[in-house]
Structure formats: structure tokens, C-alpha cells
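Structure, as C-alpha cells:
The values are calculated or read from the model by the stated rules, or taken from the named source; none is laboratory data. Here the structure is a predicted model, which is why all the values come from computation and not from measurement. Cβ atoms come from the backbone with ideal geometry, glycine included; neighbour counts cover every protein chain shown.
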Amino acid sequence: MKTKPYFIIIVIAAGIVSGCNRNDQPPAADQNLKQQVNATEDASAKAKDEFLASMDKDMVALDAKIDKLANKSANATGDAKVRADQALADLQSQRDAVRKQYDKLKLSGQDAWDTTKAGFQSAWDGLVKAYDDTAAKLSSN
């Protein structure tokens, strides 16, 4: 009779242990959620890569425009030369600042991407406007 309670305890313990091991694999819903998260991360990474590639091209194009503007103003003399040199120096300084922000943007993770991108976009827009203003000033001289 003493062995009967021990036998019952062993059977119950075996049932509990085997019941705990039934869910070795996640349910299909968990797998679907993981797939959706991965797809979203992939899409975000692709959008980031596309944006960076586009900005690389835009920055090269703007650099070429700045160089062309510098070449045009190289023949200026007197006060026009001083103003042109100062305007181009200011523009180049702003361009260097934008390049630093762009480098930060390239290194930013997905969690900081939107904020870093917004800051860069604002700086980029400012640089494009500064170029337009400088080009207008130098062409009026």
C-alpha cells in the first residue's frame, strides 16, 4: 500500500513533464509574425539603401555645380572676386557640414533612421538653397 501513493506521484510527475515538452515549436501565428517583421525590416533596409544611392548621385551633381560656379568666378577681380571667394567658401563650409551629416546618416540604425534622415534632409535642402542663392549672386556680378 505504501508503494501506491509513490506510483501515483510518479505518474502525475511524468504527465506534467511530458505536457511541458509538447510545444517545442512555435505556433504558426508566431512564425507568421516573425516573417512579417523580417519582411518589414528588409523593406526598410531597401528603402534606406535606395535613398542613400539617390543622395550619392545628388551630392556628386551638386559638387560638380559648385566646381563649375567656382571656375566661372575665378576670373572675377576686385570686390567681385572677394565676394565670390567668400560666398564659395561659405558654400563649401555648408557642403562639408552636410557631408558629415550624411556620413552619420549612413551609419545610423533603423531605430534612429527617421530622425537622422529628417535632420539630413533639412541640411540638404538648406545647402541646395544656399547654392541657388550663391549662383544668383555671382551671376548678377
Within region 38-73, which residues are without any contact (Cβ under 8 Å) to a residue 40 or more places away in the chain and within 15 Å of S140 (Cα to Cα)? A70
If you go through K57, K46, the only one that is surrounded by fewer than 12 Cβ atoms within 10 Å (Cβ to Cβ), modelled with pLDDT of 95 or more and under 19 Å from the mean Cα position of the chain (by Cα) is K57
Pairs please, first residue from region 123-141 and exposed (fewer than 14 other Cβ atoms within 10 Å of the Cβ), second anywhere and among the β-branched types (V, I, T), Cβ atoms under 9 Å, 6+ apart in sequence or on different chains. G126/V98
Answer yes or no as to whether K81 is basic (K, R) and over 25 Å from D49 (Cβ atoms). yes
Mind listing whichever residues of region 70-83 are touching a helix residue (DSSP H, G or I) at 6+ places or on another chain (Cβ under 6 Å) and either in a helix (DSSP H, G or I) or under 14 Å from A123 (Cβ atoms) (or both)? A70, S73
Considering region 65-84 alone, what residues qualify as being over 16 Å from A135 (Cβ atoms) and surrounded by 14 or more Cβ atoms within 10 Å (Cβ to Cβ)? K81
Filtered residue count, region 84-122, keeping only those that are over 29 Å from L138 (Cβ atoms), in a helix (DSSP H, G or I) and touching a helix residue (DSSP H, G or I) at 6+ places or on another chain (Cβ under 8 Å): 7
